[in-house]
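The values are calculated or read from the model by the stated rules, or taken from the named source; none is laboratory data. As the structure is a prediction and not an experimental result, all values here were calculated from the model. Here the Cβ positions follow ideal geometry from the backbone for every residue, glycine too, while neighbour counts run over all protein chains shown. For the accessible areas, the whole protein counts, side chains as well, though only heavy atoms, and no ligand, DNA or RNA atoms are used. Shrake-Rupley method; radii C 1.70, N 1.55, O 1.52, S 1.80 Å.
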Amino acid sequence: PRFDTDEMKFSVPHYGMEYKIEVIDAGTNKPVGTHLLPVQALLQWQRDSVIEEKGFSYFRISQAWNHHVEKKKTMLELRSGVKSGFGADYFISSKTKETSSTKSTEIGKPGEIIGWVEVDLCLEEDTNALYGQKPLVCPASPPHEFNVDMFQIHIARIAAIIEDIKKAGESYMYIISWKEPALTSLSMIIFFTVGLRFNTEYVGSLPVFFLIIVMFYLGIRRRRGVLKNRFLEREKGARITAEKKAGVKYTIHRPICVMKISVCRGKNLISPDYGFTGSVGCRIYWDPQRYEENDKVKEAVSAVDKSMSRPHDIGFVNNKYAKHPIWNEIIKSDESRRLNQLLPEHGSFFEEEKKNIHLSSDTIFPSINFPMLQPFVPPKQQTPSDGEMLPKGAFRLSPWESSRGAIVVEVRFLDVLMVSRLPGFDDVLGEVSIPVSKLVETGEIKGWFQVLEAGTKATIPCDYGEENIENPKTPDPTVSLETQVSGNTPKSSPHSATFGKPKIYLELRLETPDSNKAVLDTDREASIVVAEEMIKSAIMSAQQSKIDLIGSSIGAFNTVRGLGGNIQLIQNTLGTVLDIVEKFRNAFNFSDPFKSTALLLVLFVLWLFLALVPTRALVLAAGFAQYAATFKARYGSGPAANTHDSETNSDQKENLNNEKVDKDVTPIIAWLNNAFRALPTDEDLRRAYFWESRRIAEQECEEIASQKRVSRLQRLWKAEWHSNIDLRIVNDEKRKKGFSGRDWVWVSIFGIIQNRRFLWWQNAQDFDDGAAPIGRIFLAGHAGLAGLSPLDQGEIRGG
């Protein structure tokens, strides 16, 4: 659409202001796309434009103080799903990352470009009001509300400053380290020449001269785009590092076993505090190191395989309001869904099981499949056996029976009064933990298990007889799990320890691969895909739980609520200190070329003054001035014998004069204040180049993703063809809005041909992320042999 609006002018109250452009769908009154315009980002774009168009001549830039900024036609990208669209919500990668919970009805993924808007805009600083004879003081940006993301940003800014200091120290050490003999020799000659021949009476000019040289060097780097590239490279490096972290660090092949799980029924699942019935559901997850007691072993395993550091959600059982619930639906977790989509159903272990356990003719319990990799021994924990010498960094697979993991079923309880949702109340009724090692030994475990406290490592079976599921036995809890599985379960009375206790009925089956079978390329690729997806899920889970200030207990809740104001004060104070440090540094590196040029001219004049006047004379003059000022304040107003009343009157006059000074700030102070507040911080520069850096980083990572995609399609999917193509489809949007007929449109897709199926995704990124295909055609039987009808052909050609 063409809007052709009239010119709009806005008075910017401060340099931290942000403006948001939204394109609204008139039918739904919801934003289609958003673009955020921070004032500092717009100013930085204009500064970069001046340098690119006029060159880096200090004389021209100094004249730009009075340069009138013209409106410039600009194409702004419209992005979808960026939360509120202001501040940190818009400029944090984690907030703009697609999650599995994103509904397919949304237009585009969070942070995705869904369109463009062309605008004529500019931002002009009123130099007369800011730097004229009677300047106005520009107000500071308002303080931020408390936000955990802001804390993370401040920590990252501190880390960046420390990293820059380290780089400066490394550069200095490189100059004097003789790694480059010519450079080190030149620096040594300059040092001894200055030390021997320089007159120490003018030592004050040395640091100023050094700053001038540094500013000339930084100006050259600014002209070459090093300042901008620093932020682009930082984002690109972070993305590449994240890709490497999500990669597999070992070379051995780890076979995959498949866990099949069903959660069928529950007994006596009531509130432990009040004894009434509520809504009961279950969360099923795999804890890879549940039974590992040695913390050093945990750390060693997690260092090699990040997926072993966090639990992995398998699925969820739908909530039922009952004391003895029967669960007939199981929902895959995001991780299970992605694993299911990353690997094709044909020829893989992800075959859907619609029926699992039949307790009666009317009851069907679904199951869910989840892959697990064979455990291994990290290099630090390996010990050579039979005289074998293990090479450095070698890995050795462990038997499946040595697994320290567990399949855990977490029972969640939600009462009618929502008491369990209040702070201080836990909605977890308990857990059932099944060791994977026992599943490997028996192959299958099924029966009733008592629900124990959360985090338990014990397993108390109640009955393994499928025929008695309606009236479960309650054996002695001291009987071991091995005895229960073997079927040698002693009879027990209704008065045993598990009678009336909460329990659930489970069925678990583990299918391990045949060790005598030859390892195919398909098996190796499947193992890598599973490992990479689990590592990625573990990293995302660790990032989400890194900062969690609000606990579930009342004590933590009250503490955070009472310290909320203090935490906000700490956050804003830390931000203010970082702003001052970064602005002071950016005053010298020509982030704002106009103000850096003015600073360079001031330093040049100061250097000439210090080079002509001895530093010792300046120190003596400064010391004498302070004594003269205090002498005048004490004896300059009249005779020494002043009465108490005269002293009181003079104090009152001084207070009045101070109030006037506070109201009427001197022009020099106002100029310095306005110039300093106009300087960008590193966070402002990061936001100015944020989306450009993300785009470059994604292009760098696309090559790595393309290699993985091709390998996966060839080895796992056995795809006969794959490509990005344009597909002609019916415009469903117009049909939903009531338009008659069919309107054909071209859309870009990523499609593959696998056996007799043609599948397509919105793009290749969706395929890599494990999203479900948005369409499929089964070429079976006579499909595709019949041609289109004349009406269909006419609509397509006419469209």
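Within segment 327-374, which residues are modelled with pLDDT under 50 and open to solvent by less than 40 Å² (accessible area, probe 1.4 Å)? Within segment 327-374, SER348, PHE350, ASN356, ILE357 qualify. Tell me, please, whether a residue that is open to solvent by 50 Å² or more (accessible area, probe 1.4 Å) and either hydroxyl-bearing (Ser, Thr, Tyr) or modelled with pLDDT under 85 (or both) can be found in segment 715-726. Within segment 715-726 (the criterion being open to solvent by 50 Å² or more (accessible area, probe 1.4 Å) and either hydroxyl-bearing (Ser, Thr, Tyr) or modelled with pLDDT under 85 (or both)), the answer is yes, since at least one residue qualifies. Among the candidates THR630, THR576, the residue that is β-branched (Val, Ile, Thr), closer than 21 Å to VAL39 by Cβ and assigned to a helix (DSSP H, G or I) is uniquely THR576. Evaluation of ILE407 against the conditions (1) assigned to a strand (DSSP E or B); (2) open to solvent by 40 Å² or more (accessible area, probe 1.4 Å); (3) modelled with pLDDT of 55 or more; (4) closer than 26 Å to THR442 by Cα shows that the sole unmet condition is (2).
Among the residues in segment 453-466, are any under 18 Å from TRP327 (Cα atoms), more than 34 Å from the chain's Cα centre (by Cα), assigned to a helix (DSSP H, G or I) and modelled with pLDDT under 90? Among the residues of segment 453-466, at least one is under 18 Å from TRP327 (Cα atoms), more than 34 Å from the chain's Cα centre (by Cα), assigned to a helix (DSSP H, G or I) and modelled with pLDDT under 90, which makes the answer yes.
Please list, ordered by residue number, the strands (runs of 3 or more DSSP E) wholly in segment 738-798 having 1 or more residues that are among the aliphatic types (A, V, I, L, M), under 23 Å from SER333 (Cα atoms) and at pLDDT below 80.
none
Inside segment 757-779, residues that are over 18 Å from GLN714 (Cβ atoms) and over 25 Å from the mean Cα position of the chain (by Cα) make up a count of 8. Once segment 509-536 is narrowed to residues that are farther than 22 Å from SER307 by Cα and of a type in the set (A, V, I, L, M), the residue that is most open to solvent (accessible area, probe 1.4 Å) is LEU520.
Listed conditions (1) within 30 Å of LYS503 (Cα to Cα); (2) at pLDDT below 90 are all met by PHE395, apart from (1). SER307 fulfils the conditions (1) more than 16 Å from PRO371 (Cα to Cα); (2) modelled with pLDDT under 90 except for a single criterion, (1). Of all residues in segment 277-311, exactly one satisfies the criterion of being more than 20 Å from PRO435 (Cα to Cα), open to solvent by 20 Å² or more (accessible area, probe 1.4 Å), of a type outside the set (Val, Ile, Thr) and in contact with a strand residue (DSSP E or B) (Cβ under 7 Å, 6 or more places away or on another chain), namely SER279.
Before we move on, is ARG221 over 15 Å from TRP607 (Cβ atoms), assigned to a helix (DSSP H, G or I), touching a Cys at 6+ places or on another chain (Cβ under 8 Å) and in contact (Cβ under 8 Å) with a residue 40 or more places away in the chain? Judged against the criteria, ARG221 is not a match. Might you let me know whether segment 430-444 holds any residue that is touching a strand residue (DSSP E or B) at 6+ places or on another chain (Cβ under 6 Å), modelled with pLDDT under 90 and on the phi < 0 side of the Ramachandran plot? Within segment 430-444, none of the residues are touching a strand residue (DSSP E or B) at 6+ places or on another chain (Cβ under 6 Å), modelled with pLDDT under 90 and on the phi < 0 side of the Ramachandran plot.
Scanning segment 413-429 for residues that are modelled with pLDDT of 55 or more, surrounded by 15 or more Cβ atoms within 10 Å (Cβ to Cβ) and either of a type in the set (A, V, I, L, M, F, W, C) or under 30 Å from GLU292 (Cα atoms) (or both) yields a total of 5. Could you list all residues from segment 219-234 that are open to solvent by less than 40 Å² (accessible area, probe 1.4 Å) and at negative phi? Passing the criteria: GLY219, ARG222, LEU227, PHE231, LEU232. Selection of segment 29-41 for residues being open to solvent by less than 20 Å² (accessible area, probe 1.4 Å) and not hydroxyl-bearing (Ser, Thr, Tyr) yields GLY33, HIS35, LEU36, LEU37, PRO38, VAL39, GLN40, ALA41.
Quick check on segment 101-112. Is at least one of its residues out of contact with any Ser or Thr (no Cβ under 6 Å at 6 or more places or on another chain) and at pLDDT 85 or above? Checked against the condition, which is being out of contact with any Ser or Thr (no Cβ under 6 Å at 6 or more places or on another chain) and at pLDDT 85 or above, segment 101-112 yields no hits at all.
Check LEU600, LEU610, LEU606 and return the single one that is open to solvent by 30 Å² or more (accessible area, probe 1.4 Å) and under 25 Å from ALA675 (Cβ atoms). Let's see the steps before the verdict.
Working: LEU600 fails: open to solvent by 30 Å² or more (accessible area, probe 1.4 Å); LEU610 fails: open to solvent by 30 Å² or more (accessible area, probe 1.4 Å).
Selected residue: LEU606, the only one of LEU600, LEU610, LEU606 that is open to solvent by 30 Å² or more (accessible area, probe 1.4 Å) and under 25 Å from ALA675 (Cβ atoms).
Figure legend. Inter-residue proximity from segment 167-187: first residues in a helix (DSSP H, G or I), second residues open to solvent by less than 100 Å² (accessible area, probe 1.4 Å) and of a type in the set (Asp, Glu), beta-carbon distance below 8 Å, spacing 6+ or different chains. Indicated pairs: TYR174/GLU180. Can we say THR241 is part of a helix (DSSP H, G or I) and open to solvent by 20 Å² or more (accessible area, probe 1.4 Å)? Yes: the conditions hold for THR241.
With respect to VAL50, is the statement that it is out of contact with any Phe, Trp or Tyr (no Cβ under 6 Å at 6 or more places or on another chain), at pLDDT 80 or above and assigned to a helix (DSSP H, G or I) true?
Working: out of contact with any Phe, Trp or Tyr (no Cβ under 6 Å at 6 or more places or on another chain): yes; at pLDDT 80 or above: yes; assigned to a helix (DSSP H, G or I): yes.
Judged against the criteria, VAL50 is a match.
GLU124: open to solvent by 100 Å² or more (accessible area, probe 1.4 Å), closer than 30 Å to VAL23 by Cα and in a loop (DSSP other than H, G, I, E, B), yes or no? So GLU124 does not fit the description; no.
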